[in-house]
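Since the structure comes first, as structure tokens, the remarks are kept for the end.
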Amino acid sequence: NVPVSKVIKDQFMNGIILRPGQILSVEDAMNIAKNYEWEVELIHEQEINPFDAIVSAYSDAYKESSRLVQRPPVVTVMGHVDHGKTTLLDRIRKAKVAEDEIGGITQTIGAYQVEVRNKKITFIDTPGHEAFTEMRARGAQATDIVVLVVAADDGVMPQTIEAYNHAKTANVPIIVAINKIDKPNANVDLTKQQLASKLGLVPEDWGGDTVMVPVSAKTGKGVEDVLEMILLVAEVADIKCIPEGNARGIIIDSRLDKAVGPLATLVIKDGVLKPGSYVVAGSASGRVKALINEYGKRVKEANPSDPVQIIGFDEVPDVHSIVYAVDDLDTSRSLADFAKSQAQKEKSVTTKRHVRLEEFLSMTGTTDEKKELKLILKADSFGTVEALKQAMAKLENSDVKIEVVHSGIGSVNSSDVMLASASDAVIMGFKVKPDAMARKQAEVEGVQIKVYEIIFNLIDDLKKALEGLLEPEE
Ligand code: GDP
């Protein structure tokens, strides 16, 4: 029965500055209660994550289908190095953006939007599947459609497979752009055959259901077809948003600018963002001073799927974090404070967020559903990978299933770790080791990497894990 204003005033007299809406620690709350002659007994402590309330408000809104409208697709281009991702992105931008606007482009902001037959498409123009999966690992999937670029003179290569597996685990529709068809040694049919045999992607003209478009990013041939296909696939995928209210978006690029301070590019997912909106993204908060589009022009609002830069954060927000617009400055600050304290806690406690072999059975709960152990498998040769997969399949029984999310040859790299984090998988290496970067990232992400030199040991550990009998490692 004590008014908030009095509590704040009394605490101020004690030298403690509180804000309305601020979340107190249990100890602070107990101490404050004592000042008003209350004894507090702690029976149960449960941390409230104030971001959860926001997230569930959005999920509730998504349940009311009448509130949802279609929004333009957000597309990421992935594929093997040198197969033409950057060239394709440049070609599309040049073909579709008016000359006078190109003049305004001084630097890319990480995404751009084009219009085809009055319909918009947003491209994230930092190609690469690692960023894609890192976003997903953080629960911030920006991409609706993946364009997988495969060069017709080179065919399906290791990173093609990697990119495909990233897109597949994210459940994102894939369009294949068979690129470089202008080259004399381009072989579209052979490329299609490889896509079918290595990835199980069967082209529509062979009776399958994967859209494959032959293109030349260099000459521009087929590029219009790619855009048409994106619109078609988007229509089928029925990509929706909440068109009004507080915006939320995903940061795809962020940096400190000498002139304007923290600068972040985001792709809006829901709502409308305007100058003056209060925003929070992890531990960064602030008020939007200006919104700038991909041509360097100030805009009055940003709508779903629009790429836009925000000036006004008090610090550089993490790339791939989610931005929420909130009602007032106090709310944005207290959310940022919470994120800061969480980050500090996570630093001090070694996080263990993902499945581990030893705990696979107990961690997957006791539902009647068939349990699924997800694995990423790396080995020294294709032969071994195949042999291991076959041996693993034999371990499956009516209760447990093993799903190899991705397999490949070579050392465990950071892309594997991010994929494991996003799909909650354990990484198993045979006669290969994690590189330094992967090892560090695995620690941060709480991903388990097990490496083996002897096939028997690997299979034996798996067998024990499936039976819940594997002893934790030291
Ligand atoms: P990325 O690594 O996938 O981004 O590949 P780039 O876009 O940088 O392209 C790699 C090389 O292939 C560059 O030299 C491009 O000029 C060339 N290239 C890209 N697309 C085509 C194409 O359609 N035809 C030909 N002949 N060369 C291409």
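The values are calculated or read from the model by the stated rules, or taken from the named source; none is laboratory data. Quick caveat: nothing in here was measured; it's all calculated off a predicted structure. Cβ atoms come from the backbone with ideal geometry, glycine included; neighbour counts cover every protein chain shown. Just so you know, the surface numbers come from the protein's heavy atoms only, side chains and all, with ligands and any DNA or RNA stripped out. Shrake-Rupley method; radii C 1.70, N 1.55, O 1.52, S 1.80 Å.
Take Ile32 and decide whether it is over 32 Å from the mean Cα position of the chain (by Cα), among the aliphatic types (A, V, I, L, M) and at pLDDT below 90. Criteria met by Ile32. Checked against (1) on the phi > 0 side of the Ramachandran plot; (2) touching a helix residue (DSSP H, G or I) at 6+ places or on another chain (Cβ under 9 Å), Gly276 meets all criteria but (2).
Return yes or no: is Ile174 under 25 Å from Val55 (Cα atoms) and among the hydrophobic types (A, V, I, L, M, F, W, C)? Answer is no for this residue. On the basis of being within 16 Å of the ligand (Cβ to nearest atom), part of a helix (DSSP H, G or I) and either under 30 Å from Gly282 (Cα atoms) or open to solvent by 20 Å² or more (accessible area, probe 1.4 Å) (or both), does Phe123 make the cut? Spelling it out, it is not the case that Phe123 is within 16 Å of the ligand (Cβ to nearest atom), part of a helix (DSSP H, G or I) and either under 30 Å from Gly282 (Cα atoms) or open to solvent by 20 Å² or more (accessible area, probe 1.4 Å) (or both). If you go through the range 64-80 and pick out every residue that is more than 15 Å from the ligand (Cβ to nearest atom) and open to solvent by 10 Å² or more (accessible area, probe 1.4 Å), you end up with 9.
Residues that are in contact (Cβ under 8 Å) with a residue 60 or more places away in the chain and away from the ligand (no atom under 16 Å from the Cβ) within the range 149-171 comprise Asn165, Thr169, Ala170, listed in sequence order.
Scanning the range 286-332 for residues that are more than 17 Å from Ala247 (Cα to Cα), touching a strand residue (DSSP E or B) at 6+ places or on another chain (Cβ under 6 Å) and open to solvent by 30 Å² or more (accessible area, probe 1.4 Å) turns up Arg298, Asp314, Glu315, Val316, Val319.
Looking only at the range 388-411, residues that are among the charged types (D, E, K, R) and surrounded by fewer than 13 Cβ atoms within 10 Å (Cβ to Cβ) come to 2 in all. Given the criteria open to solvent by 80 Å² or more (accessible area, probe 1.4 Å), under 22 Å from the mean Cα position of the chain (by Cα) and either within 16 Å of the ligand (Cβ to nearest atom) or of a type outside the set (Ser, Thr, Tyr) (or both), does Gln46 qualify? For Gln46, the condition - open to solvent by 80 Å² or more (accessible area, probe 1.4 Å), under 22 Å from the mean Cα position of the chain (by Cα) and either within 16 Å of the ligand (Cβ to nearest atom) or of a type outside the set (Ser, Thr, Tyr) (or both) - is not met. Could you go through the range 175-183 and let me know if any residue there is within 16 Å of the ligand (Cβ to nearest atom), surrounded by fewer than 18 Cβ atoms within 10 Å (Cβ to Cβ), on the phi < 0 side of the Ramachandran plot and free of Cβ contacts under 8 Å to residues at least 40 places away in the same chain. Yes, there is a match, as at least one residue in the range 175-183 is within 16 Å of the ligand (Cβ to nearest atom), surrounded by fewer than 18 Cβ atoms within 10 Å (Cβ to Cβ), on the phi < 0 side of the Ramachandran plot and free of Cβ contacts under 8 Å to residues at least 40 places away in the same chain. Looking only at residues of the range 190-229 that are among the hydroxyl-bearing types (Ser, Thr, Tyr) and open to solvent by 80 Å² or more (accessible area, probe 1.4 Å), we find that the one that is farthest from the ligand (Cβ to nearest atom) is Ser197.
Against the definition (open to solvent by 60 Å² or more (accessible area, probe 1.4 Å) and without any contact (Cβ under 8 Å) to a residue 24 or more places away in the chain), how does Ile454 come out, yes or no? Yes; evaluated as a whole, the condition is true for this residue.
Taking (1) away from the ligand (no atom under 13 Å from the Cβ); (2) at pLDDT 90 or above; (3) open to solvent by less than 60 Å² (accessible area, probe 1.4 Å) in turn, His83 satisfies each apart from (1). Pairing each residue of the range 59-74 that is under 17 Å from Gly249 (Cβ atoms) with any residue that is part of a helix (DSSP H, G or I) and open to solvent by 50 Å² or more (accessible area, probe 1.4 Å), provided the two are 6+ apart or on different chains, yields C-beta distances under 6 Å for Ala61/Arg67. For the range 128-174, taking the residues that are among the basic types (Lys, Arg) and under 12 Å from the mean Cα position of the chain (by Cα), the one that is surrounded by the most Cβ atoms within 10 Å (Cβ to Cβ) is identified as Arg136. All conditions in (1) touching a helix residue (DSSP H, G or I) at 6+ places or on another chain (Cβ under 8 Å); (2) surrounded by fewer than 19 Cβ atoms within 10 Å (Cβ to Cβ) hold for Ala379, with the sole exception of (2). Note on the range 441-462: residues that are in a helix (DSSP H, G or I) and at pLDDT 90 or above total 7.
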